[in-house]
Amino acid sequence: MNTLKKLALRAVLAGTATLGLGTAQAALPIQHWTLANGAKIYLVATNALPIVDVQVDFDAGSRRDPAPQAGLASVTSAMVEKGVRAGKNGEPALDQNALGEAWADLGASFDVSAGTDRMSYSLRTLSDPALLGKAVALASREIGEPSFPDDVWLRERERINAAIKEANTKPATIAGRTFGQDVYGVHPYGQEVTEETLARIDTATMRQRYQALIVPCRAKLSIVGAVTRAEAESVATTLLSRLPAADSCAPLPAIAPVAALTAPKDERIPFDSAQAHVFIGQPGYPRKDPDHFALNLGNYVLGGGGFVSRLTNEVREKRGLTYSIYSGFAPGLDAGAFRIGFQTRPDQAEEAVKMSREVLARFVAEGPTESELKAAKDNLIGGFPLLLDSNRKLIGNVANIAWHDLPLDYLDTWTTRMNAVTAAEVKAAFARKLQPERMVTVVVGGK
């Protein structure tokens, strides 16, 4: 077996290992600096495994999509992986199959995705110089020289259209779409990808969007693994080297915030299904909100703690109205939704909705008990090391810190800040954020 093959095998085996550092992992310092091109770098150097994980984020998520072309971010990110054009240094063009073979030969992986707020590029490779340099060079081509082939997009669009038609036959899709539109209104967070919006997207539109938003000065790079600061700077510089430099790096146009609801809205949508799908909620809060810790603890008590939550106890255990029920916040750059979600028999949907609303209103009015808050802290704090026990998990946390401009010692102070939250602070935070009397309720199912 040659050296590259051996190293690739080691990469597969190493990918199944963990850092094994337990709570000490949070003590790893985050180094932060800015490149000459304006890109911001966040580095955690650890030699626990011979692996390097990189995540590159841009403000190019679906919130930047024009409403008539909803879905543009998602399809653009998918098309980045469909091929690269011939490189300026004489490298040949590569189609999707050739790219897949190239990554397999390196024992590395590269992925592109788009969410509501950001477009993200993820690279995982061995730190061995024999592979690291080649993996970074190949990733730089995908980032900077995507080909956006027309024939592939036409096939992809047909595939996505078929998936949309299939999804539209399901009550969960209808419930989620209706809930999003009712909660967000005209805000981009509520935009829906349809066959009509996809029909307005072509590869020229993708290239224009890419050129406008994917520029080095707006990049945030998070790096975790067995590299020095100098090596990390070289990795970051190379990854962005094939992107055209922006003439200026003025802030992107501001997006109006999610508007608060002024009145309740109830949607009852008939659907011939065995289960009714129910969502109850409203706009929540942006991730940088100082109430974040109190809201997380409170939500664990309300409906995020599974079988120990109030919603599960009152709606499922005591009354048997549903098999499972949950609540949760989805904070982003703007106020992502708070929602309660469950499925139930159509004939008992109204009773389940009534009870869920009562539990929510009572929690907002009274907050958690001291014993409930202690149980929430014990669970969340006790599970915190499991969020940091591998390179893959740690890169997600570092990228979260980078994206939301959180303090560099965020992981070190997380436990202390959680422990400091009082029941009164949870009650006050929920009272500030949630208005049970002005929520959206969507029920899909029944006559």
Tally of residues being more than 25 Å from the chain's Cα centre (by Cα) and not aromatic (Phe, Trp, Tyr) across region 250-276 = 15
The listed residue being closer than 30 Å to ILE340 by Cβ and either of a type in the set (Val, Ile, Thr) or crowded, with 22+ Cβ neighbours inside 10 Å (or both), out of ALA167, ALA139, ALA114 = ALA114
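Tell me the residue from THR203, THR178 that is in the same structural domain as ASP57 (by TED's automatic domain parsing), within 23 Å of GLY336 (Cβ to Cβ), buried (at least 19 other Cβ atoms within 10 Å of the Cβ) and in contact with an Asp or Glu (Cβ under 7 Å, 6 or more places away or on another chain), please.
The unique qualifying residue is THR178.
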Residues (more than 18 Å from TRP103 (Cα to Cα), touching a residue at least 24 places away in the same chain (Cβ under 8 Å) and outside any helix (DSSP H, G or I)) located in region 57-91 = ASP57, PHE58, ASP59, ALA60, GLY61, ASP65, ALA70, GLY71, LYS88
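Picking from ASP266, ASP247, which residue would you name as being modelled with pLDDT of 95 or more and either acidic (Asp, Glu) or in a helix (DSSP H, G or I) (or both)? Break it down stepwise before answering.
Numbers: ASP247 fails: modelled with pLDDT of 95 or more.
Testing whether each residue is modelled with pLDDT of 95 or more and either acidic (Asp, Glu) or in a helix (DSSP H, G or I) (or both) leaves just ASP266.
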Can you confirm whether region 213-225 contains a residue that is surrounded by fewer than 16 Cβ atoms within 10 Å (Cβ to Cβ) and either touching a Gly at 6+ places or on another chain (Cβ under 6 Å) or assigned to a helix (DSSP H, G or I) (or both)?
-> no
Restrict the check to region 70-83 and report whether at least one residue is among the small types (Gly, Ala, Ser), on the phi > 0 side of the Ramachandran plot and modelled with pLDDT of 95 or more.
-> yes
Mind checking which pairs have a first residue in region 123-149 that is within 19 Å of ALA45 (Cα to Cα) and a second that is among the acidic types (Asp, Glu) and surrounded by 20 or more Cβ atoms within 10 Å (Cβ to Cβ), Cβ under 6 Å, 6 or more apart or different chains?
-> ARG124/ASP53
Members of region 97-108 that are surrounded by 15 or more Cβ atoms within 10 Å (Cβ to Cβ) and under 26 Å from the mean Cα position of the chain (by Cα) | LEU99, TRP103, GLY107, ALA108
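The values are calculated or read from the model by the stated rules, or taken from the named source; none is laboratory data. Owing to the predicted nature of the structure, the values given are computational and were not obtained by experimental measurement. Heads up, the Cβs are rebuilt from the backbone with ideal geometry, glycines too, and the neighbour counts pull from every protein chain shown.
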